[in-house]
Amino acid sequence: MFDRLMKVTFFVCGFAALATALSFAQEPAKLLVAETSVSPVSPMLYGLMTEEINFSYDGGLYAEMVRNRTFHQHWPHFEFWTVVAHGSAEAAMGEGATGPSKALPKSLKLTITGAAPGNEAGIGNPGYWGMAVRPSSSYTGSFYASTDAANRVHARLIADDTGATVAEATVDLPQSDWTRYSYTMRTGREIKASSANHLEITFEQPSTIYLQLASLFPSTYNDRTNGNRADLMKMMAEMRPHFLRLPGGNYLEGDYINERFQWKQTIGPLVDRPTHRSPWNYQSSDGMGLLEFLEWCEDLKIEPVLAVYAGYSLRGDHVNPGKDLEPYVQEALEEIEYVTGDATTTWGAERAKDGHQAPFPLRYIEIGNEDWFDKSKSYDGRFEQFAKAIRAKYPQYKLIATTPVKTSSPDVVDDHYYLTPDEFFAQNRKYDAMDRNGPKIFIGEWATRTGSPTPDFGAALGDASWMTSMERNSDLIVMASYAPLLTNVNPGGMQWATDLIGYDALRSYGSPSYWAQVLFAQHIGDHTVKTAVTGANPLLFWSATVSSGDKVLHLKLVNASAKSQPLSVDITGVKAGAATMYSLHAATRYATNSITDPDRIRPVTTTVSVAGDSWKHEVPGNTIQVIDIPLK
């Protein structure tokens, strides 16, 4: 995904009309909406996609507060760890040639030559641009240690500015080989919420101590151990997603084959996960492993869309179809069994051992990611080999190809779009006349790219216009997921703009595009109805769906012009009275939200009077409207 050239398709014709659309006064237009059902709306249409980019997992959704908890030795040595020495204490860090597991065979060696109660020595960690601390809150920590002498450990959260201790716990450490120790500490009511804090782990007595996997978690969503940030999970829940495409994009492939998402190395106890380099040039802790992805789906009550590694990595490494590819096909079959097999199967039993007895639901499997980049042109053969093996063992699942293939028919093809607002406006009608006889479409990555680190209102207009197209064509477009979903907004935290949700260690906010996504997903029916617009400006976009059970018409109107658009609305079967309208508006396309001004642009809820089948309405410039209209 992302920093390579994207496969984009857009219509050049129409740009002249778009360029002049802002320059003339809008004429009254007529909107006709008939009761005639056109096509079903895919029940899976809107979903989620993200990957380890922009510190989306480590330093983001995954709630771990310690940065470089496994003491990975990037330059500088033991990056993000420093020696702490209070008073007359003395200590030094070095590399330990021993570790608690095969996955973590080395450690940080802490040599304490001087220490006493009140004058302790140890190590400190600043977290991911700070550690968020809130009043009356609990924090659960742990570490592995091997030591040559008994000691007492103090774990403290310390305010950066004052040096005050905001939470503290002690652990008695006996002389022992590698052992895991845990503790809990709690802040008082008087503590102010702040991210300007760090962790210190200090020792009272001189000794040589080997440390590994030093971790600290706040409370998490649904109180899951090794879980996710509650605020970000709640924001995703507001989007009403139906699926999560996992593990996401380039993170699946890695830059090289040995850096791919090796799912077997991401399951089981954290101490058995070796970590790996992500394609965005930082080390992934692999705390967000395969089971954690699946539990993320479970917490949001959505389905996984499982992407399996298909023999191609981003820097051009690939595996030829045939015998060379067989181990990777087998790896995919075993991964599917881990997800869906009952506890009597080999890998279903492993999942049960990892703490989840019941299989997870699964309907879609994606084979690879963005394989149009594979210059060897091997994807047809690779897809065919994977498809044959998966269909032989699991015929019930639908297979997604990442690019059109000739040798074996996929059920779904994944299209990706990263465009400007004008490019999305110009291709709004692309799918309207597309052949319905081929594979269905999964728009697995898409975004309007203006604004940084998160989208501005121009991007929200582009996104909303594109969502009207996807809704009108959701008999063909069965799933869609915006990307990237998340970004840490601190300097150095972002590798790609534009991103839907921004955050730092303490706060989070939704961009204008996020709120457009929320509005569209929360107000969508089960079938589309026939619509027509005449006399409108070229930057007016619309869709109409009906919720049959509730007898509600969901009318979406997007006016990307700066000029107001008056409408004469003719809708058959409308119940006269009040309709609920949700509006998202900004004065210009450049307006946006930020971490310091998170609520500048948010939906506003009002009512509009609907006088039977025909009524007048106006859509202001730079406005997205969703109107829920009761039907007879």
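The values are calculated or read from the model by the stated rules, or taken from the named source; none is laboratory data. Given the structure is predicted, the values throughout are model-derived calculations rather than measurements. In this analysis, Cβ positions are derived from the backbone assuming ideal geometry, glycine residues included, and neighbour counts consider all displayed protein chains.
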Any hit, region 47-57, residues being touching an Asp or Glu at 6+ places or on another chain (Cβ under 9 Å) and closer than 18 Å to Leu211 by Cα: no
Val604 in contact with a His (Cβ under 8 Å, 6 or more places away or on another chain), farther than 28 Å from Tyr509 by Cβ and β-branched (Val, Ile, Thr): no
Unmet criterion (only one of (1) surrounded by fewer than 21 Cβ atoms within 10 Å (Cβ to Cβ); (2) touching a Gly at 6+ places or on another chain (Cβ under 8 Å)) for Ala155: (1)
Only one of Leu18, Leu31 that is outside any loop (DSSP other than H, G, I, E, B) and either closer than 23 Å to Leu213 by Cα or modelled with pLDDT of 95 or more (or both): Leu31
Strands (runs of 3 or more DSSP E) contained in region 557-632 and holding at least 1 residues within 30 Å of Thr487 (Cβ to Cβ): 577-585, 604-610, 623-630
Residue within region 159-167 that is within 27 Å of the chain's Cα centre (by Cα) and of a type in the set (Gly, Ala, Ser) present: no
Sole residue being buried (at least 17 other Cβ atoms within 10 Å of the Cβ) and basic (Lys, Arg), chosen from Arg436, Arg429, Arg382: Arg382
Answer from Pro43, Pro105, Pro100 - the residue that is assigned to a loop (DSSP other than H, G, I, E, B), modelled with pLDDT of 95 or more, touching a helix residue (DSSP H, G or I) at 6+ places or on another chain (Cβ under 6 Å) and not hydrophobic (A, V, I, L, M, F, W, C): Pro100
Which listed residue, of Val413, Val518, Val405, is assigned to a strand (DSSP E or B) and either in contact with a helix residue (DSSP H, G or I) (Cβ under 8 Å, 6 or more places away or on another chain) or surrounded by fewer than 21 Cβ atoms within 10 Å (Cβ to Cβ) (or both): Val413
Residue satisfying all of: in region 336-359; under 24 Å from the mean Cα position of the chain (by Cα) and among the β-branched types (Val, Ile, Thr); surrounded by the fewest Cβ atoms within 10 Å (Cβ to Cβ) among these: Ile336
Among (1) in contact (Cβ under 8 Å) with a residue 24 or more places away in the chain; (2) surrounded by fewer than 20 Cβ atoms within 10 Å (Cβ to Cβ) - the single one Thr266 does not satisfy: (2)
Condition met for Ser142 (among the hydroxyl-bearing types (Ser, Thr, Tyr), in contact with a Ser or Thr (Cβ under 9 Å, 6 or more places away or on another chain) and assigned to a strand (DSSP E or B)): yes
Any pair with Cβ under 6 angstrom, 6 or more apart, that starts in region 314-327 at a residue that is in contact (Cβ under 8 Å) with a residue 12 or more places away in the chain and ends at one that is assigned to a loop (DSSP other than H, G, I, E, B) and small (Gly, Ala, Ser): His318/Gly311; His318/Ser376; His318/Ser378; Val319/Gly311; Leu325/Gly311
Filter result (more than 23 Å from Tyr128 (Cα to Cα) and aliphatic (A, V, I, L, M)) within region 247-287: Leu252, Ile257, Ile267
Pairs, first of a type in the set (Gly, Ala, Ser) in region 591-613, second modelled with pLDDT of 95 or more and surrounded by 12 or more Cβ atoms within 10 Å (Cβ to Cβ), C-beta under 6 Å, six or more apart: Ala591/Phe457
Flag if Ser182 is under 23 Å from Asn68 (Cβ atoms) and crowded, with 18+ Cβ neighbours inside 10 Å: no
All positions within region 460-498 that are part of a loop (DSSP other than H, G, I, E, B) and polar (S, T, N, Q): Asn473, Ser474, Asn490, Gln495, Thr498
Every residue from region 536-561 that is over 32 Å from the mean Cα position of the chain (by Cα) and on the phi < 0 side of the Ramachandran plot: Ala536, Asn537, Pro538
Residue count, region 82-137 (criterion: touching a residue at least 40 places away in the same chain (Cβ under 8 Å) and among the acidic types (Asp, Glu)): 1
Leading residue by the ranking (surrounded by the fewest Cβ atoms within 10 Å (Cβ to Cβ)) among those in region 269-301 that are of a type in the set (D, E, K, R) and in contact (Cβ under 8 Å) with a residue 40 or more places away in the chain: Asp272
Residue within region 274-282 that is modelled with pLDDT of 95 or more and more than 19 Å from Leu61 (Cα to Cα) present: yes
Conditions (1) in the same structural domain as Asp597 (by TED's automatic domain parsing); (2) surrounded by fewer than 22 Cβ atoms within 10 Å (Cβ to Cβ); (3) of a type outside the set (D, E, K, R): number failed by Phe541: (2)
Number of the condition not met by Gln73 [criteria: (1) surrounded by fewer than 21 Cβ atoms within 10 Å (Cβ to Cβ); (2) out of contact with any Pro (no Cβ under 6 Å at 6 or more places or on another chain); (3) assigned to a loop (DSSP other than H, G, I, E, B); (4) assigned by TED's automatic domain parsing to the domain that holds Val153]: (4)
Selected residue (criterion: nearest to Ala459 (Cα to Cα)) from residues of region 573-607 that are surrounded by fewer than 18 Cβ atoms within 10 Å (Cβ to Cβ) and among the hydrophobic types (A, V, I, L, M, F, W, C): Ala591
In region 61-73, the residues that are over 18 Å from Asn488 (Cβ atoms) and in contact (Cβ under 8 Å) with a residue 40 or more places away in the chain: Thr70, Phe71, His72
